[in-house]
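J.: Please see the structure below; I have some questions.
The values are calculated or read from the model by the stated rules, or taken from the named source; none is laboratory data. Keep in mind that this is a model prediction, so the values were computed, not measured. Backbone-built Cβ (ideal geometry, glycine too); neighbour counts: all protein chains shown.
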Amino acid sequence: MTARIFIALFLISSLWACGGDSVTTPEQPTHERGLHEVGTMTRPRYEHAATLLQSGKVLIAGGNAERHPAGGGIIVPEYIVSAEIFDPETGISTQTGDLTAGREEDHGILLPDGRVLIITGLGSFSIEMYDPHSGRFNDVAILPWRVGTQTATLLPTGEVFLTSYLNAGVFDPAKGVFSAKSAMFPARSGHTATLLKGGRVLIVGGMIFPGTWLIGLNLFYDHSTGAYSEAGHMEFDRVHHKAVLLQDGRVLIAGGIAPEGPYVEWPYVQTVEIYDPETNTFSPAGTSAIWPSAALLLPSGRVFLIHVPNGNIVLYNPDTQVFSPTGHSIGPWRLGATATLLDDGRVVIAGGLKNIDDSTEREHAEQEITDQILIFTP
């Protein structure tokens, strides 16, 4: 997504096999604790998809490399068709086969057989499948809707539950068939969808589309019946938050935009809540000025978070409800970077649109698209 569209949607309606040349690395990857620059992608990109493969390597596909005309003017989006494989043990990223169409904001879903389903956010309406053995992408289906896919959730059946602004449905990768389901009511954007341990999907928050009101009504989706039912109510409504399934089956809800004041003045929610499926309730679980661009559950049970305005990496302990700064930052307002959890608990952070001078300003800072790859070791 272009920078202007990202900011507009984030604050208003939504606040993202062929051989090739290898890329040399600025330093050898390390398991030493902290944040380290370990390599570069084959090209700068942001709003791409990044998916951990069964091999332990990371598939990086698509994204945006928008052009900024000299002297200002219209920003021209450039949807990327190229893809690459990053090896966190060597720090080397190598080209693989191209996508069939340029796209950004895709959802990369690792399937049980090791293939990766690429489901469009913007730029293309096709669903693609990546085969790590052949290194090729192939179209497998066309989405029945013509707006961005909001969430993609792998179900225990191997099917994928999809939601858009207005619609929802289930895609069967084995058959290449998309089954439309009853739409969510009310329709929404900027929500999250989290698979619970019992197999239901918890849908939280968001905005009524195309209106401007946040939704207090959270939902369950039950794939066994294809029906929706009402979930509990949060203490604070929010849009563009993060949801993380915790080890005990509860769900952490963090950050997001609050429904107070005019659009441009909407503050981010500074409290976190935890949803308990046993009681169907949301409970306050701490306070911190965290507006996360990424949220991942680490093997330790702590939650990895990146704060948007300053890029600080923070760890949250759900047992003590304490946020702990790590002293590391990926840089302020680094939009569209991906954070991918490795099997050993390290986190790969790739690409993004970042401020050149590390300014914490958002509106007037000079920005560039980076090819940088970082690894954070807790």
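J.: Does region 346-357 hold any residues that are outside any strand (DSSP E or B) and within 18 Å of the chain's Cα centre (by Cα), and which are they? Spell out the reasoning first.
T.: If we filter region 346-357 for residues that are outside any strand (DSSP E or B), which is where we start, we get 346, 351-352, 356-357.
Answer for region 346-357, where residues must be outside any strand (DSSP E or B) and within 18 Å of the chain's Cα centre (by Cα): R346, G351, G352.
J.: OK, next. Looking at region 263-283, can you tell me whether even one residue there is under 22 Å from A187 (Cα atoms) and among the charged types (D, E, K, R)?
T.: No, region 263-283 has no match at all.
J.: Anything in region 117-156 that is surrounded by fewer than 21 Cβ atoms within 10 Å (Cβ to Cβ), modelled with pLDDT of 95 or more and on the phi < 0 side of the Ramachandran plot? List them, or say none.
T.: Hits for region 117-156 are M129, D131, P132, H133, S134, R136, N138, L154, L155, P156.
J.: What is the residue count in region 214-254 for residues that are closer than 16 Å to P186 by Cα, of a type outside the set (A, V, I, L, M) and either buried (at least 21 other Cβ atoms within 10 Å of the Cβ) or under 22 Å from the mean Cα position of the chain (by Cα) (or both)? Walk me through how you get there before you give the answer.
T.: Step one: of region 214-254, the residues closer than 16 Å to P186 by Cα are 214-221, 227-233, 237-239.
Still in the running and of a type outside the set (A, V, I, L, M): 216, 218, 220-221, 228-230, 232-233, 237-238.
Now restrict to residues that are either buried (at least 21 other Cβ atoms within 10 Å of the Cβ) or under 22 Å from the mean Cα position of the chain (by Cα) (or both): 218, 220-221, 237-238.
The number of residues fulfilling the criteria is 5.
J.: Could you list, ordered by first residue, the pairs with Cβ atoms under 6 Å in which the first is in region 32-52 and charged (D, E, K, R) and the second is assigned to a strand (DSSP E or B), at least 6 apart or interchain?
T.: R33/T377; E37/L374; R45/I80; E47/N64; E47/E104
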